[in-house]
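Undergrad: The following block contains the structure, expressed as structure tokens.
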Amino acid sequence: MSTKAKAVGDIWSSGESYRNFLDLCDEAGGRFTGTESETKARDLIAARLDDYGLSNVHLEPVDYLSWKRIGAKLKLACPMNRDLDSLAFTYSSPTPQEGLETELVFISEPTRDAFYDASDRVDGRAVLTYVGNGVGPACQSTHWASDLGAEALILMANSYRSMQPAGSCRWNQPSPIPVMSISREDGEYINRINDAHGSVTVRFTVESETSEGISHNVVADIPGRERQDEQVIIGAHYDGFDIAQSAIDNASGTATVMEAARALSQNRLECERTLRFVLFAAEELGMVGSQGYLDAHKAETDDISVMMTTDWPGYPARYGLQLPFTELEAPLGSSMQGRGEVSTGLGMYSDHFPFMRKGVPTMWIGGQITGRDLEIYHTVFDTADKVPPRVLQDSAMLITSAAVDLAKMDRPAEHRTEGDIGRLLEETGRTAALKAEGRWD
């Protein structure tokens, strides 16, 4: 039996991945950047990787803008008086201490066209719209609402029974306006009142603080046998939000990467290239940890053969290729061993994206966990009970197989220039979103 097969078999028979997952969720907690929970998770990860025998286990500092949630209040003030449960979005600006009161306008879609079609109604009012799918629309809606002169932005959940979603309304920078979230049920209630009475006035208060902060990436290696300076990077972000356990997003991915590292190290699997495991900080604040890693390792960028990440895994797990690196499809298809297809996409909202923008070949490992992942993540329902052990095992086996196969290839994929990547993003229509999010000059 090959060493790779032994490592894969070890993952399938071991309960270590689930132990790590539960410790991240139940012992550390939600792991919001800058909290004691994040520090506890960071130290747990580093200690376990050291116990597994990895080399060069260390912490690397990352500067970021710290944001502290103090409180948020929202009430329907007219034509009736009713308190509504709300949650301040990360990087929301605070209101004056006495709060703000203004009329509300509903925009039915979180799209640029919908916002600017309503431009004559937005100025001086609070905007209510859906939070949108994924993390990008909240940042984009914040930009559009502010640009049109809105007093505030209220984001309602896309789905029923998911409460108030958490998220960041800007990337590592303060929002120009207060931003908060409410449940789908409360959003529908406000709209019914608005339809019945012709207008709605809301009163709201957001309390928050910002300051300069330092977080840490956790880094560990399995040194290469022949080309130690060349690296295959396997990553996941370990931070989450402070309203739940952040189990799907992304204790699951963190535990999966830790398990691949354990199995490869303890089965003494040496590859031609170095396998570097990076558990990134502050992804939820705008991929801050992965960008910080690249800033600190500029001289090594050309030595990164492939970067792979998992930002919530799944069952059955699958590989995803980041465009334009389609030449990875053949080797990854071999690593799948007939277990599924390799998908292709152009994701912009996880730690692979800063690497991709530098021209580094990138990929991800993912899938579905509950069937309601997009309804649950970033909510109070993102808890450990949603993730069965097989999700972690299946994804860790795929990571292990891909890491070994890619690390022994002569050249898994060609690097692109930053100009090539910029042109791809423009040609595929991605730059408008990046500009609205403050990520495109």
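The values are calculated or read from the model by the stated rules, or taken from the named source; none is laboratory data. Everything numeric here is computed off the predicted structure, so don't read it as measured data. When we count neighbours, we look across all protein chains shown, and the Cβ atoms used for this are built from the backbone with ideal geometry, even at glycine.
Here is a yes/no grid of residues against (1) part of a helix (DSSP H, G or I); (2) touching a Ser or Thr at 6+ places or on another chain (Cβ under 8 Å):
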| position | (1), (2) |
| --- | --- |
| 230 | no, yes |
| 245 | no, yes |
| 259 | yes, yes |
| 295 | yes, no |
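Undergrad: Okay, moving on. Name, by its number, the condition in (1) surrounded by fewer than 16 Cβ atoms within 10 Å (Cβ to Cβ); (2) among the acidic types (Asp, Glu); (3) within 20 Å of residue 260 (Cβ to Cβ) that does not hold for residue 311.
TA: So the condition that residue 311 fails would be (1).
Undergrad: Residue 56 fails exactly one of the following numbered conditions: (1) surrounded by 15 or more Cβ atoms within 10 Å (Cβ to Cβ); (2) at positive phi. What is the number of that condition?
TA: (1)
Undergrad: From the list 220, 244, 251, exactly one residue is at pLDDT below 95, within 24 Å of the chain's Cα centre (by Cα) and among the aliphatic types (A, V, I, L, M). Which is it?
TA: 244
Undergrad: Give the residues of the stretch 424-441 that are among the basic types (Lys, Arg) and either touching a strand residue (DSSP E or B) at 6+ places or on another chain (Cβ under 8 Å) or exposed (fewer than 14 other Cβ atoms within 10 Å of the Cβ) (or both), sorted by residue number.
TA: Scanning the stretch 424-441 gives a single hit, 435.
Undergrad: Looking at (1) farther than 27 Å from residue 370 by Cβ; (2) under 18 Å from the mean Cα position of the chain (by Cα); (3) not in a helix (DSSP H, G or I), which one does residue 306 not meet, given that it meets all the others?
TA: (2)
Undergrad: Identify the single condition in (1) assigned to a helix (DSSP H, G or I); (2) closer than 26 Å to residue 302 by Cβ; (3) more than 18 Å from the chain's Cα centre (by Cα) that residue 441 does not satisfy, given that it satisfies every other one.
TA: (1)
Undergrad: I would also like to ask the following. Restricting to the stretch 226-241, name every residue that is touching a residue at least 60 places away in the same chain (Cβ under 8 Å) and more than 14 Å from the chain's Cα centre (by Cα).
TA: The answer is 229, 230, 231, 232, 233, 234.
Undergrad: Hey, any hits in the stretch 345-360 for a residue that's closer than 21 Å to residue 240 by Cβ, assigned by TED's automatic domain parsing to the domain that holds residue 290, touching an Asp or Glu at 6+ places or on another chain (Cβ under 6 Å) and at pLDDT 95 or above?
TA: Looking for residues that are closer than 21 Å to residue 240 by Cβ, assigned by TED's automatic domain parsing to the domain that holds residue 290, touching an Asp or Glu at 6+ places or on another chain (Cβ under 6 Å) and at pLDDT 95 or above, one finds at least one in the stretch 345-360, hence yes.
Undergrad: Here's another thing I want to ask about it. Anything in the stretch 61-87 that is over 18 Å from the mean Cα position of the chain (by Cα) and among the hydrophobic types (A, V, I, L, M, F, W, C)? List them, or say none.
TA: If the condition is that a residue be over 18 Å from the mean Cα position of the chain (by Cα) and among the hydrophobic types (A, V, I, L, M, F, W, C), then 70, 72, 74, 76, 77, 78, 80, 84, 87 are the ones that fit.
Undergrad: From the list 249, 311, exactly one residue is in a helix (DSSP H, G or I), in contact with a Gly (Cβ under 7 Å, 6 or more places away or on another chain), of a type in the set (D, E, K, R) and not assigned by TED's automatic domain parsing to the domain that holds residue 85. Which is it?
TA: It is 249.
Undergrad: Please tell me if residue 304 is closer than 30 Å to residue 190 by Cβ and either surrounded by fewer than 24 Cβ atoms within 10 Å (Cβ to Cβ) or among the polar types (S, T, N, Q) (or both).
TA: no
Undergrad: Can you tell me which residue in the stretch 191-216 is farthest from residue 177 (Cα to Cα), limited to those that are surrounded by 14 or more Cβ atoms within 10 Å (Cβ to Cβ) and of a type in the set (S, T, N, Q)?
TA: 215
Undergrad: For residue 305, are the conditions met, namely being hydroxyl-bearing (Ser, Thr, Tyr), under 13 Å from residue 413 (Cβ atoms) and modelled with pLDDT of 95 or more?
TA: yes
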